[in-house]
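To keep things clear, I will list the structure first and then write my remarks on it.
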Amino acid sequence: MKIKDILKEKTPHISFEVFPPKTDAGFASVLSATDQIGALKPSYMSVTYGAGGGTSKNTVNIASHIKDDLGLTSLAHLTCVSSTKEHVARVIDELKKNNIENVLALRGDIPKESEFPLPNHYRYAYELVEEIKSKGDFCIGAACYPEGHMEAEHKKDDIYNLKKKVDCGVDFLTTQMFFDNTIFYNFLYRIREIGITVPVVPGIMPVTKGNQMKRISEMSGTVLPQRFRDVLDRFGEDPKAMQQAGIAYATDQIIDLFANGINHVHVYSMNNPAVATAIMHNLSDIVKNG
Ligand SMILES: NC(=O)C1=CN([C@@H]2O[C@H](COP(=O)(O)OP(=O)(O)OC[C@H]3O[C@@H](n4cnc5c(N)ncnc54)[C@H](O)[C@@H]3O)[C@@H](O)[C@H]2O)C=CC1
Ligand SMILES: Nc1nc(=O)c2c([nH]1)NC[C@@H]1CN(c3ccc(C(=O)N[C@@H](CCC(=O)O)C(=O)O)cc3)CN21
């Protein structure tokens, strides 16, 4: 099913994300996590794409497994920063061959050791959107940044670039993680004002380990509200307490989003079935998936 049609539902829905193994040796354990998360019947599951193109095969394989073996809608990420245009074209062909109809078109993170942009590579996600669109009848998602993208000097430029990207044929947007919902509500207001009308799915990251935060801040440049820092300060060193507090914080954010009229939330569950299960349990009378 196309995600743009799932997003027309008017009741609360949850989707989850998994990431492919870094090496083929990790495939079985990722598959097992995928199956356990799939058993929760999320409205769709997304599969990230490793930098360097090394795991593109695994992204396609896991997305196919979700669709064909678990009977769920899958969303395959495709990033273009580290792959030649020819490689990207081959991956799009693979997605087509496997009847994967939902693709998240991303530029992706710039690898630390590499030049940017590389010759014969796409520079921005909008170019990838155009390429995917020209190749078939895909439902195309893209990323957006409620706090502004880290590389953008001004938030206004970032929103202008977002409008340009959406106008190339984006069917829905998914947000970078945030820990303060008012930032998301303000962002939604600003993008609607400049004429971005596609559905926007907020992305929520349950932070369940104290040491995750450094990496998350580097990835997203997100501001941490005091309430969240207090949780980290108090429970960051106690793994079980931190997991419980992180799940509660994410649950609270999700309930507030639903209460404010949002019908779909994407959870960055990152191959952790225990976290995904706890969140679904907390929302068992609220979420109407399936
Ligand atoms: N939210 C998610 O699910 C995921 C996000 N990422 C992110 O991917 C990021 C970049 O990917 P996208 O958002 O797809 O990239 P993008 O190409 O849409 O934007 C990247 C940067 O380039 C600027 N930009 C975009 N179009 C431009 C244009 N036409 N002219 C001038 N500047 C322009 C943007 O303002 C932004 O600062 C990474 O930094 C990472 O944060 C990676 C994986 C998953
Ligand atoms: N800049 C950026 N890059 C991404 O790849 C990305 C985003 N933002 N935002 C949305 C999602 C969230 N993503 C991620 C990716 C990794 C971790 C993470 O914590 N990784 C751990 C290892 C996890 C493990 O192996 O269990 C790390 O230390 O890398 C979290 C969120 C991927 N996506």
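The values are calculated or read from the model by the stated rules, or taken from the named source; none is laboratory data. Model, not experiment: these values are computed from the prediction. Here the Cβ is made from the backbone with ideal geometry for all residues, glycine too, and neighbour counts use every protein chain on show.
Remark: GLY108 falls outside the filter, which requires a residue to be more than 8 Å from ligand 1 (Cβ to nearest atom) and part of a loop (DSSP other than H, G, I, E, B).
Scan segment 197-224 residue by residue and report those that are in a loop (DSSP other than H, G, I, E, B), within 12 Å of ligand 1 (Cβ to nearest atom) and within 20 Å of ILE279 (Cα to Cα). Talk me through it step by step, then tell me what you get.
In the first step, residues of segment 197-224 are kept if they are in a loop (DSSP other than H, G, I, E, B); the result is 197-199, 202, 205-211, 221-224.
Next, from what is left, pick out any that are within 12 Å of ligand 1 (Cβ to nearest atom): 202, 205, 221-222.
PRO202, MET205 - these are the residues of segment 197-224 that are in a loop (DSSP other than H, G, I, E, B), within 12 Å of ligand 1 (Cβ to nearest atom) and within 20 Å of ILE279 (Cα to Cα).
Of the residues LYS155, LYS135, only one is surrounded by fewer than 18 Cβ atoms within 10 Å (Cβ to Cβ) and in contact with a Gly (Cβ under 6 Å, 6 or more places away or on another chain); which?
On the way: LYS135 fails: in contact with a Gly (Cβ under 6 Å, 6 or more places away or on another chain).
Exactly one of LYS155, LYS135 is surrounded by fewer than 18 Cβ atoms within 10 Å (Cβ to Cβ) and in contact with a Gly (Cβ under 6 Å, 6 or more places away or on another chain), namely LYS155.
Say we look at segment 233-276 and pick out the residues that are among the hydroxyl-bearing types (Ser, Thr, Tyr) and in a loop (DSSP other than H, G, I, E, B); which of these is nearest to ligand 1 (Cβ to nearest atom)? The extreme case among them is TYR268.
When segment 50-79 is filtered for residues that are modelled with pLDDT of 95 or more and under 22 Å from ARG123 (Cβ atoms), the ones remaining, listed by number, are THR59, ALA76, HIS77, LEU78, THR79. Under the condition of being buried (at least 19 other Cβ atoms within 10 Å of the Cβ) and more than 16 Å from ligand 2 (Cβ to nearest atom), the residues counted in segment 117-131 number 4. A count restricted to segment 17-29 and to residues that are over 14 Å from LEU104 (Cβ atoms) and touching a helix residue (DSSP H, G or I) at 6+ places or on another chain (Cβ under 7 Å) stands at 2. Hey, does segment 115-123 have a residue that's out of contact with any Gly (no Cβ under 6 Å at 6 or more places or on another chain), over 30 Å from ALA25 (Cα atoms) and in a helix (DSSP H, G or I)? There is no residue in segment 115-123 that is out of contact with any Gly (no Cβ under 6 Å at 6 or more places or on another chain), over 30 Å from ALA25 (Cα atoms) and in a helix (DSSP H, G or I). Can you confirm whether segment 186-198 contains a residue that is within 15 Å of ligand 2 (Cβ to nearest atom) and either out of contact with any strand residue (DSSP E or B) (no Cβ under 9 Å at 6 or more places or on another chain) or touching a residue at least 60 places away in the same chain (Cβ under 8 Å) (or both)? No, segment 186-198 contains no residue that is within 15 Å of ligand 2 (Cβ to nearest atom) and either out of contact with any strand residue (DSSP E or B) (no Cβ under 9 Å at 6 or more places or on another chain) or touching a residue at least 60 places away in the same chain (Cβ under 8 Å) (or both). Residues that are at pLDDT below 95 and within 16 Å of ligand 2 (Cβ to nearest atom) were ranked within segment 150-185; the one that is nearest to PRO225 (Cα to Cα) is MET150.
Pairs meeting the criteria (first residue in segment 90-110 and without any contact (Cβ under 8 Å) to a residue 40 or more places away in the chain and under 20 Å from ASP167 (Cβ atoms), second residue part of a helix (DSSP H, G or I) and among the β-branched types (Val, Ile, Thr), beta carbons under 9 Å, at least 6 apart or on different chains) are VAL103/ILE92; VAL103/ILE132.
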